[in-house]
Amino acid sequence: MSAFIHDDFLLETDTARDLYHRVAKDLPIVDYHCHLSPEAMAADHRFRSISEIWLDGDHYKWRAMRANGVPERFCSGDASDWEKFEAWARTVPATLGNPLYHWTAMELHRPFGIDEPLSPDTARTIFDQCNEKLGGADFTALGLLRQFRVAVVCTTDDPTDSLEAHSALAARENPDTRVYPTWRPDKALAVADVVSWNAWVEALERASLVPIGSWETFLQALEARHTVFHDLGCRASDHGLERLPDGPIGDSEAAAAFERLRTGRLLEAEQARVFRVTLLHVLALLDHERGWVQQFHLGAMRNNNTRMHRLLGPDTGYDSMGDFEQALSLSRFLDRLDETDHLAKTILYNLNPADNALFATMVGNFQDGSAPGKMQWGSGWWFLDQLDGMEAQMRTLANMGLLSRFVGMVTDSRSFLSFPRHDYFRRLLCRILGEEVRRGHLPDDAEALGALVANVCFFNARDYFGFELGKAAAGR
């Protein structure tokens, strides 16, 4: 059997092959949104086995394994590394048609150089081959980033995080990969659980060294941490919300809500809404003031399975797309900032594909010529970061905006083996352009098409965020 993942995988036209091999293939990676562990990078962690690096915390794989009848012990439980890997190997043949099949094959191909399909028959051999490779110098956390030519990684960090690992990473001289924190203040808005919210406020007080006794000092503490993030190179915030809260802002109402929360009392629905929308507005003003990019991941319906949430906690594979109304609140939130010229660069991500055209046209409402592609519709996210989802996103963006100004792909992953997703995206972009040339819908202009591919795959993100790049981007 010939190798499934080969040099021209997904590249079905001469134009696609030329664009990928001549332009896209060897470009560095700017991964401006992921969930990698900064502690693992600071320690240059060596992985004990392929199961640790590939299966621990990977709720994409866990969902597939559960659907294939694999008991929880072999997903998130106490089974051995081999038992978990063998359970995944039994599942892979059942994922035909699922992006996990492509990702699995691509991640074995690079960096491990394995082209055999993973199955129960090949599991033991592949397990041993991968584990042997993981003992090499190029397979530590930082070694893998070097192999994939990752110039920038942005992790996802709570305002109360110590950032000690980021401080250590920032102190390295001329590293291959620059690692920056991303400000993710979701817990500041999570007022439905008063006990957890108050515990988080106390953690914020300790981290910021600001005594928090009022709404004003709460905001001062957040700003103090925002400054620390900025000083460590952070240039982006991120918010994971069902949808943006709607309605007028109110400092006095938010202050009253804060006082009520600090006494351990739940907020009424209207109080909670005003608190959230006011706080988000304040945070957006901070992002604008410091020249950051604000990101909004909208539309996830989280923790649907109460029993398993109690057992395993969040981010364990029990989330789905929601069907929340997005347009009105999103428009009002952005417009309020734009009205006073305080709207930062913004990336919007939708999880429900029914919202594709909505998001693609929404960003166009607030482009103001101050920066190319100031308002971005982000890459296919979570359930949509697969072939059909990414193609639909790029085609809709091309129809309703400027594909040429798109800042491209992110891994949004917890795994150090997920960087082939950038290669997947690049192949798909070249395939789309090649198909349009074949149809006669685009000119067969190698220079113009090559510039578009280079910009979308690397240069747009480099310029949009303004990060200092690692050596992986030398000469770029």
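The values are calculated or read from the model by the stated rules, or taken from the named source; none is laboratory data. Here the structure is a predicted model, which is why all the values come from computation and not from measurement. Because the Cβ atoms are built from the backbone with ideal geometry, glycine has one as well, and the counts that use them run over all protein chains shown.
Data overview
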| quantity | calculated |
| --- | --- |
| Flag if Phe383 is under 19 Å from Thr155 (Cα atoms), part of a helix (DSSP H, G or I) and not acidic (Asp, Glu) | no |
| Qualifying residue in segment 196-219 (condition: under 22 Å from the mean Cα position of the chain (by Cα), under 23 Å from Phe333 (Cβ atoms), crowded, with 22+ Cβ neighbours inside 10 Å and in contact (Cβ under 8 Å) with a residue 24 or more places away in the chain) | no |
| Boolean, Asp238 is assigned by TED's automatic domain parsing to the domain that holds Asp157, within 29 Å of Gln326 (Cβ to Cβ) and modelled with pLDDT of 95 or more | yes |
| Selected residue (criterion: farthest from Ser237 (Cα to Cα)) from residues of segment 131-182 that are in contact with a His (Cβ under 8 Å, 6 or more places away or on another chain) and not in a loop (DSSP other than H, G, I, E, B) | Ala141 |
| Some residue of segment 304-315 being in contact with a strand residue (DSSP E or B) (Cβ under 7 Å, 6 or more places away or on another chain) and closer than 27 Å to Arg235 by Cα | no |
| Hits in segment 336-380 (condition: closer than 17 Å to Ser404 by Cα, assigned to a helix (DSSP H, G or I) and among the small types (Gly, Ala, Ser)) | Ala360, Gly364 |
| Flag if Ser379 is in contact (Cβ under 8 Å) with a residue 24 or more places away in the chain, touching a His at 6+ places or on another chain (Cβ under 7 Å) and among the polar types (S, T, N, Q) | no |
| Output for segment 276-309, where each listed residue is touching a residue at least 24 places away in the same chain (Cβ under 8 Å), on the phi > 0 side of the Ramachandran plot and surrounded by fewer than 22 Cβ atoms within 10 Å (Cβ to Cβ) | Gly291 |
| Selected residue (criterion: surrounded by the fewest Cβ atoms within 10 Å (Cβ to Cβ)) from residues of segment 1-58 that are assigned to a loop (DSSP other than H, G, I, E, B) and aliphatic (A, V, I, L, M) | Met1 |
| Only listed residue being out of contact with any Cys (no Cβ under 8 Å at 6 or more places or on another chain), touching a residue at least 24 places away in the same chain (Cβ under 8 Å) and either within 15 Å of Ser413 (Cβ to Cβ) or assigned to a helix (DSSP H, G or I) (or both), chosen from Thr91, Thr104 | Thr91 |
| Total residues in segment 275-301, condition part of a loop (DSSP other than H, G, I, E, B) and closer than 20 Å to Asn350 by Cβ | 1 |
| Test result for Phe85, over 29 Å from Arg172 (Cβ atoms), aromatic (Phe, Trp, Tyr), part of a loop (DSSP other than H, G, I, E, B) and outside the structural domain of Ser413 (by TED's automatic domain parsing) | no |
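Each row is one residue, and each column tells you yes or no for (1) over 22 Å from Trp382 (Cα atoms); (2) under 20 Å from the mean Cα position of the chain (by Cα); (3) in a loop (DSSP other than H, G, I, E, B); (4) at pLDDT below 95.
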position	(1), (2), (3), (4)
Met409	no, yes, yes, no
Ser418	no, yes, yes, no
His422	no, yes, no, no
Arg427	no, yes, no, no
Glu436	yes, no, no, no
Pro443	yes, no, yes, no
Val456	no, yes, no, no
Phe459	yes, yes, no, no
Ala472	yes, no, no, yes
